[in-house]
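Values quoted throughout were computed directly from the atomic coordinates according to the rules given, and no laboratory measurement underlies them. Keep in mind the model is a prediction, meaning the values are calculated, not measured. Because the Cβ atoms are built from the backbone with ideal geometry, glycine has one as well, and the counts that use them run over all protein chains shown.
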Amino acid sequence: MSTRPNQTQSRLSPPVLFGIMAAMIIAVGVMQSWSVAFSLINLCLISAIMALGVNIQWGYAGLFNVGVMGFAALGGVSVILVSMPPVAEAVQAGGGAIMAGALIILATVIAAAFTWKAVKHNKRSRYWVMSLVIAIGYFVMRYVVDPGTDAIEAVNPATTGYLGGFGLPVLVAWPVGALIAAGAAWVIGKVSLGLRSDYLAIATLGISEIVIYVLKNEEWLTRGVKNVNGLPRPVPYEIDLQGALWFQDWANRLGIPVDDASSLFVKIAFALLFIAVLAVLIWLSEVALKSPWGRMMRAIRDNETAAAAMGKNVTW
């Protein structure tokens, strides 16, 4: 007797599962609230977007990466850095020190790279000399930056206490966040993709926790756990809709209370926006996976040694 799964059943499984989920969400809307139902839909869409990236890493490349939330945190921080207006007083108080610290970090990286190449013939002292260069650069950077961060965090700490952002439209922050996360992933990948199995999982989890820890504690940059209030949104705020005469008239015609209508309108607008983003990302993922890069990812998953033997850079 054949043990192969029934192809018709396999093809029907996803539609059946989606149908069950849709029925459950409709039941929530009917028996509880349509606002809650659309909140669930939005969470599902956000989870689907995140799952696309995880599927490429785990499914197509076969790399067990548990550091996804670190990249998600970088995407969230990008909204603050891009869309929030700059805090002029904080920039004046410590912006110069932050810029000087960034230059010191850049100089340290250049000096470390130069040192690594300069002492390549002396393998015993190579690591010690480079570590000394990095340590000196770190302590000099902290000496310059720490007074600046203290001054920034002292500026109206109840509401600001951070540098702010560039004041750009919030939709600009979404692709910027993707680029920041991709840049961090490239750096982390160059460090950790030489590891395999449990070691790769431990490395990615540890790096993710480091990223989250830094973002939670560097209050001058993100306000840490204090939260940034009044983040710009790509859709209107409920309070603004409730004060608009056209919206009040529209809600009255439908026989819905204005506050309920505003909440429902915002959630539907977010759902449509998330659906558009998800559709674009699915299309880009399909194009990427059918490209030579995608075929290389599958080759690495199936047989990394054979892929490397054919000249593919399996740790790139």
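Odds and ends about this structure:
- When the alpha carbon gyration tensor of the chain is reduced to an equivalent ellipsoid, its three semi-axes come out at 41, 35, 14 angstrom, largest first.
- Applied to the stretch 19-31, the Karplus parametrisation 6.51 cos²θ - 1.76 cosθ + 1.60 on θ = phi - 60° returns per-residue 3J(HN,Hα) values of x, 4, 5, 4, 5, 5, 5, 4, 4, 4, x, 6, 8 Hz, with x for Gly and Pro.
- What the pair-distance distribution of the stretch 82-199 shows, using all Cα-Cα distances binned every 10 Å from zero, is 12, 24, 33, 22, 9, 1 percent.
- Partner lysines for Lys123 [C-alpha distance under 27 Å; skip if fewer than 8 residues away on the same chain]: Lys190
- Trypsin sites (Lys or Arg not before Pro) restricted to DSSP loop in the stretch 250-294 with at most 10 other C-beta within 10 Å: Lys290
- For the stretch 91-97, putting each phi into the Karplus relation 6.51 cos²θ - 1.76 cosθ + 1.60 with θ = phi - 60° gives couplings of 4, 5, 6, x, x, x, 5 Hz, in residue order, rounded to whole numbers and with x for Gly and Pro.
- The charge dipole of the chain, taken about its Cα centre with unit charges on the Cβ atoms of Lys, Arg (+1), Asp and Glu (-1) only, comes to about 1640 debye.
- Cut-off under 5 Å, modelled amide H: who pairs with Gly164 long-range: Val87
- Contact order, relative form, for the stretch 141-259: 26 percent (alpha carbon pairs under 8 Å, 6 or more residues apart, mean separation divided by residue count).
- Derived scalar couplings ³J(HN,Hα) [the stretch 211-220; Karplus, 6.51 cos²θ - 1.76 cosθ + 1.60; whole Hz; x for Gly, Pro]: 4, 5, 4, 4, 5, 6, 10, 8, 5, 5
- Qualifying trypsin sites (Lys or Arg not before Pro) in the stretch 105-214, DSSP loop, other Cβ atoms within 10 Å at most 15: Lys120, Arg196
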